[in-house]
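The values are calculated or read from the model by the stated rules, or taken from the named source; none is laboratory data. None of the values given here were measured: they were computed from a predicted structure. Positions of Cβ are backbone-derived with ideal geometry, glycine not excepted, and every protein chain shown enters the neighbour counts. These accessible areas exclude ligands, DNA and RNA; they are computed on the full protein's heavy atoms, side chains included. Shrake-Rupley method; radii C 1.70, N 1.55, O 1.52, S 1.80 Å.
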Amino acid sequence: MAQNILRWVSDTVDTFKDRAKDTIDGHLPNGTGDPNRKPRDIKPLHYTDLLPENSEGFPETKEFLQSVVDILYDFIQKTFDRNEKVIDFHHPEELKRVLDLYIPEKGVTIEQLLQDCSQTLKYQVRTGHPRYMNQLSTGLETISLAGEWLTAAANTNMFTYEIAPVFILMEAETLQKMREIIGWRDHGDSILCPGGTISNLYAALVARHKMFPHVKAQGLYGLPAPLVMFTSEYSHYSIMTAGALIGLGTDNVWEVPCDKRGRMDATKLEARILEAKQKGLIPFFVNCTSGSTVVGAYDPIHAIADICRRYKVWMHIDAAWGGGALLSPKLKARLFAGVERADSVTWNPHKQMGVLLQCSTIHIREDGLLMNCNKMCAEYLFQQDKHYDTSFDTGDKVIQCGRHNDIFKLWLLWRAKGDIGFAHHVEYLWDLTDFMVQEIKRRGDTFYLIWEEPECLNVCFWYVPARLRQTPHNHDREEELGKLCPTIKARMMEHGTLMVCYQPLRTTSTQRPNFFRNIINNQAVTRDDVRFMLDEIERLGHDL
């Protein structure tokens, strides 16, 4: 199928070239629209001198876009240069004075627009820098970047095959492959979403529709009793968001305590389900986190699936962060045993797979549920008497109308790496994380590991200054170490040498003050970068 898609792309490009040539040769007077004509100096020009305003402005348009690409090349080169800063930090009021953000009544020149592009990137955080370890989505995969550029040029919506034929087929092919990796070879449905929060929202909507389909028409008035969702106390806040958005309220999203490793305690989940039933509530949804945001914990899938089956409750796996491990047979066996038992799975390629933001997927095991839950049958878009197979029209499966094309940058990167390359990709990240843990241990009492054997790419720790290294580790010491994190982070950003995130962790069973959470999720990071990161934190905090 992929070969057919590529052949279609090639034929389409040739057709567009022929049409462009016909336009230039046949419709522009005296050949003045010749694309080979030497462009005028574009600096004093305006948007009216470029396509689409000026049909003869192809040479100037090409020169403008090439100038923008040169700015992008410069940014990319600096992104991978360890001698360059991760960020040139300015406080908001300072940055307002540096930048010209005013939108004028009369448009500015091309020269000013190019300066605007350059200035924008100058003060942007270089999230692909090998020493940016701040968030779950890091790195700059250049092949995925190329895919995003092509996507922007195509500038199409993803609601019908009619206007996005190639991308619709790519999406279907890629999402089917992802379902096969989950373990649903011959069934299921999927869609690309604008982020993991929306993917988790889809799971909750579909789960409710499966149990109470009449709610779509009748609303919450059609429920026999209030519904309850369950999620780990360490799970992503998007589960609370889903509870609020579907009308249950956050009070009806019940948190379940975790063990010392941050994994949901399955016995306590069962106790909470029984408690809800005794109160006359209806348990309908359990979220099983595979890679929690702060700790990186993987909940026990088989144990949770057994409970969900016993009480006829929908089991969702939120693998937005940790789903990349599915691409490695070794990691999948260790972290995702039983994943095929889930009713739905969220998986974000823009995290561990390194696909450019945004790229999130929701996968539903049962065919037809996405469509039945969300379709509104808008006849101005989804006519059933079209001359092609309308089952390829995806717009009625989603709650939005306009949907961005997030597939090409994923498909192109997967084509480049293949299954073997992606297995190496994620295993490299895990190996480097293991190295970091061992390096912290090697440095003795300079750092304190909170979880000595992280399951995912999250390494949580404190820097311990010399004055506290001989004190016993207790609550008071943790509070003191937590106070240092904001100061060290501020120094990181002021110097521009490094970015590592910090946060507290406060739940019903845990009251932990600020600590660092380092994420290695960038193929450019090396062991030397890990050593630098630890050295730099020590340098920035040595006097505290």
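Condition first: among the hydrophobic types (A, V, I, L, M, F, W, C) and open to solvent by less than 20 Å² (accessible area, probe 1.4 Å). Now tell me which residues in the range 415-436 satisfy that.
If the condition is that a residue be among the hydrophobic types (A, V, I, L, M, F, W, C) and open to solvent by less than 20 Å² (accessible area, probe 1.4 Å), then PHE422, ALA423, VAL426, LEU429, TRP430, LEU432, MET436 are the ones that fit.
Say whether the condition of being touching a strand residue (DSSP E or B) at 6+ places or on another chain (Cβ under 6 Å), of a type in the set (A, V, I, L, M), within 26 Å of GLU141 (Cα to Cα) and open to solvent by less than 10 Å² (accessible area, probe 1.4 Å) is met by at least one residue in the range 500-510.
Yes, the conditions are met somewhere in the range 500-510.
If ILE181 satisfies all but one of (1) touching a strand residue (DSSP E or B) at 6+ places or on another chain (Cβ under 8 Å); (2) assigned to a helix (DSSP H, G or I), what's the number of the condition it fails?
(1)
Just checking, which of VAL295, VAL286 is surrounded by 22 or more Cβ atoms within 10 Å (Cβ to Cβ), among the β-branched types (Val, Ile, Thr), within 24 Å of the chain's Cα centre (by Cα) and part of a strand (DSSP E or B)?
VAL286
Got at least one residue in the range 161-174 being open to solvent by less than 20 Å² (accessible area, probe 1.4 Å), modelled with pLDDT of 95 or more, part of a loop (DSSP other than H, G, I, E, B) and closer than 23 Å to LEU327 by Cβ?
no
If ASP186 satisfies all but one of (1) part of a loop (DSSP other than H, G, I, E, B); (2) of a type in the set (D, E, K, R); (3) touching a strand residue (DSSP E or B) at 6+ places or on another chain (Cβ under 8 Å), what's the number of the condition it fails?
All conditions are met except number (3).
Just one of the numbered conditions (1) touching a residue at least 12 places away in the same chain (Cβ under 8 Å); (2) over 30 Å from GLU536 (Cβ atoms) is not true of GLN383; which one?
So GLN383 meets the others, but not (1).
Residues in the range 371-384: is at least one of a type in the set (S, T, N, Q), farther than 21 Å from LEU410 by Cβ, open to solvent by 40 Å² or more (accessible area, probe 1.4 Å) and in a helix (DSSP H, G or I)?
Yes.
What are the residues in the range 182-214 that are open to solvent by 30 Å² or more (accessible area, probe 1.4 Å) and of a type in the set (Val, Ile, Thr), if any?
THR197, ILE198
Examine the range 205-223 for a residue that is part of a strand (DSSP E or B) and without any contact (Cβ under 8 Å) to a residue 60 or more places away in the chain, and state whether such a residue exists.
Checked against the condition, which is being part of a strand (DSSP E or B) and without any contact (Cβ under 8 Å) to a residue 60 or more places away in the chain, the range 205-223 yields no hits at all.
Return the residues of the range 236-269 that are open to solvent by less than 60 Å² (accessible area, probe 1.4 Å), in a helix (DSSP H, G or I), without any contact (Cβ under 8 Å) to a residue 40 or more places away in the chain and under 15 Å from PRO300 (Cβ atoms); say none if nothing qualifies.
Answer for the range 236-269, where residues must be open to solvent by less than 60 Å² (accessible area, probe 1.4 Å), in a helix (DSSP H, G or I), without any contact (Cβ under 8 Å) to a residue 40 or more places away in the chain and under 15 Å from PRO300 (Cβ atoms): just LEU269.
If I ask for residues that are over 33 Å from the mean Cα position of the chain (by Cα) and open to solvent by 10 Å² or more (accessible area, probe 1.4 Å), which ones from the range 273-283 would you list?
Answer for the range 273-283, where residues must be over 33 Å from the mean Cα position of the chain (by Cα) and open to solvent by 10 Å² or more (accessible area, probe 1.4 Å): LEU274, GLU275, LYS277, GLN278, LYS279, GLY280, LEU281.
Can you tell me which residue among PHE58, PHE75, PHE64 is touching a Leu at 6+ places or on another chain (Cβ under 9 Å), aromatic (Phe, Trp, Tyr), open to solvent by 70 Å² or more (accessible area, probe 1.4 Å) and modelled with pLDDT of 95 or more?
When all the criteria are applied, what remains is PHE58.
When you go through (1) open to solvent by 30 Å² or more (accessible area, probe 1.4 Å); (2) among the aliphatic types (A, V, I, L, M); (3) under 30 Å from the mean Cα position of the chain (by Cα) one by one for ILE519, which number turns out not to apply?
The single condition ILE519 does not satisfy is (1).
Results for (1) under 20 Å from VAL295 (Cα atoms); (2) surrounded by 19 or more Cβ atoms within 10 Å (Cβ to Cβ), shown as yes or no for each residue.
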position: GLN438; (1), (2): yes, no
position: ARG442; (1), (2): no, no
position: PHE447; (1), (2): yes, yes
position: GLU453; (1), (2): yes, no
position: TRP462; (1), (2): yes, yes
position: ALA466; (1), (2): no, no
position: GLY482; (1), (2): yes, no
position: PRO486; (1), (2): yes, no
position: PHE515; (1), (2): yes, yes
